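The values are calculated or read from the model by the stated rules, or taken from the named source; none is laboratory data. Computed from a predicted model, the values in this text were never measured in an experiment. Cβ atoms come from the backbone with ideal geometry, glycine included; neighbour counts cover every protein chain shown. Surface accessibility is based on the protein's heavy atoms, side chains included, excluding ligands, DNA and RNA. Shrake-Rupley method; radii C 1.70, N 1.55, O 1.52, S 1.80 Å.
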Amino acid sequence: MKQLNNFERRVAELIEASIATKQSLLSSPDLVVTVATVSEILVNALKQGNKLLLFGNGGSAADAQHIAAELVGRFAFDRPAYLL
């Protein structure tokens with residue numbers, strides 16, 4: 001394997017950190033259940049015509065805008081938008 005340059009090393013470290021975070025989340029069954037429960041509540045609320053308010057400041061506002069766009073369009077598969 002060739003020697004990684006600084007940029008490649010940093011990218012590899014970031015990917016490894018992301019994997020470690022996801023593995024940590026998976027190692028907590030209670031957290032997985034909580035995320036699934038909250039997701040189900042939100043989807044059911046939207047299907048019943050309720051609204052989801054998303055907000056943030058700075059980068060968090062960008063995150064809120066991003067998830068709103070995913071709900072209006074599609075995320076993991078082709079489907080009708082949750083929000084009209």
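Cβ-Cβ distances below 8 Å connect no pair with a first residue in region 19-47 that is touching a residue at least 12 places away in the same chain (Cβ under 8 Å) and on the phi > 0 side of the Ramachandran plot, a second residue that is surrounded by fewer than 10 Cβ atoms within 10 Å (Cβ to Cβ) and basic (Lys, Arg), and a separation of six or more residues or different chains. Total residues in region 28-84 satisfying the condition of being modelled with pLDDT under 85, assigned to a helix (DSSP H, G or I) and among the acidic types (Asp, Glu): the figure is 1.
Each residue in region 32-73 was checked for being charged (D, E, K, R) and under 22 Å from Lys22 (Cβ atoms), and 3 of them qualify. Within region 51-73, residues that are under 19 Å from Ile41 (Cα atoms) and open to solvent by less than 70 Å² (accessible area, probe 1.4 Å) reach partners that are aromatic (Phe, Trp, Tyr) and in a loop (DSSP other than H, G, I, E, B) with beta carbons closer than 9 Å, at six or more positions or on different chains, in the pairs Leu52/Tyr82; Ala64/Phe55; Leu71/Tyr82.
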